[in-house]
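Values quoted throughout were computed directly from the atomic coordinates according to the rules given, and no laboratory measurement underlies them. Keep in mind that this is a model prediction, so the values were computed, not measured. Glycine gets a Cβ as well: all are built from the backbone with ideal geometry, and neighbour counts include every protein chain shown.
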Amino acid sequence: MFLFPKPLKHAAVVESKKTLNSKVVEFVFKLTSPPEIAFLPGQFINLKVGETCFRSYSISSDAGIKDSISILAAVDHDGIGSNYLKNLSVGQEITFIGPSGRFILPELLAESLVFIATGTGIAPILSMLSSLSHSKCESAIKVYFGVKVCEEIFKKDILDKMASELPNFSYEICISREQATEKNTKQGRVTNFIEIQRENTQYLICGHPDMVQDTLNMLVENGIPANNIFHEMFTVSIK
């Protein structure tokens with residue numbers, strides 16, 4: 001049984017801020033007090049974005065790195081968290097509480113692992129994939145990553161790297177509102193392309209609530225046991 005790290009108050013500084021596309025920015029936070037953090041791949045932090053206001057962001061970085069964490073944040077809307085992050089500068093101090101969350105890799109892995117994500121829902125999955133790569137996971141791994149248009153594709157270099165290093169890894173990027181032209185891309189919603197496997201397969205789903213619910217419904221209708229389905233919904237707060 002996993003031992004979940006206790007959520008603690010952490011202080012950090014913004015080590016880097018990188019715009020990945022018109023919607024998503026990647027932040028790296030360097031821990032200062034305490035100087036390290038322990039988390040399980042898939043967990044999130046609650047970032048302080050106001051006097052008494054916190055917003056949740058999944059950790060996208062490798063759990064083996066203890067002195068810093070990275071997050072992927074959607075900043076294309078007018079919300080407290082989004083506006084706070086848009087105005088955040090390198091070197092600025094931040095505070096968060098974490099880690100939290102139970103969307104993590106199963107303790108016993110099946111022969112096949114299917115990851116399904118949209119938008120910044122890929123963040124916790126990237127952390128999970130990094131862990132699986134380090135552990136020389138022998139499970140067959142398939143990633144379905146959904147975006148609306150080609151410009152929104154990000155972290156494809158990481159997926160390409162894993163595909164070149166792991167013979168059991170493959171991925172597809174599903175583009176719902178634009179023609180797919182690049183390698184490993186298809187046109188349509190991510191739920192249109194999921195190849196459902198019933199035997200010895202676990203599904204890990206993260207992203208927009210509509211996608212998550214549609215995928216859950218599809219898996220249940222096809223007889224996938226509930227104990228082989230793991231999910232987390234991302235919501236956008238505009239208050």
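Among the residues in the range 210-226, are any farther than 22 Å from residue 153 by Cα and in contact with an Asp or Glu (Cβ under 9 Å, 6 or more places away or on another chain)? Scanning the range 210-226, I find no residue that is farther than 22 Å from residue 153 by Cα and in contact with an Asp or Glu (Cβ under 9 Å, 6 or more places away or on another chain), so the answer is no. Taken together, the residues in the range 14-65 that are part of a loop (DSSP other than H, G, I, E, B), within 15 Å of residue 155 (Cβ to Cβ) and touching a strand residue (DSSP E or B) at 6+ places or on another chain (Cβ under 7 Å) amount to 4.
Scanning the range 79-133 for residues that are within 27 Å of residue 48 (Cα to Cα), charged (D, E, K, R) and more than 14 Å from the chain's Cα centre (by Cα) gives 86, 93. The residues in the range 143-164 that are assigned to a helix (DSSP H, G or I) and touching a helix residue (DSSP H, G or I) at 6+ places or on another chain (Cβ under 7 Å) can be counted, and the count is 2. The single condition among (1) in contact (Cβ under 8 Å) with a residue 40 or more places away in the chain; (2) of a type outside the set (Asp, Glu); (3) closer than 30 Å to residue 228 by Cα; (4) surrounded by fewer than 18 Cβ atoms within 10 Å (Cβ to Cβ) that residue 135 does not meet is (1). Kindly establish whether residue 22 is exposed (fewer than 14 other Cβ atoms within 10 Å of the Cβ) and either touching a residue at least 12 places away in the same chain (Cβ under 8 Å) or over 23 Å from residue 204 (Cα atoms) (or both). Considered against the rule, which asks whether it is exposed (fewer than 14 other Cβ atoms within 10 Å of the Cβ) and either touching a residue at least 12 places away in the same chain (Cβ under 8 Å) or over 23 Å from residue 204 (Cα atoms) (or both), residue 22 comes out as yes.
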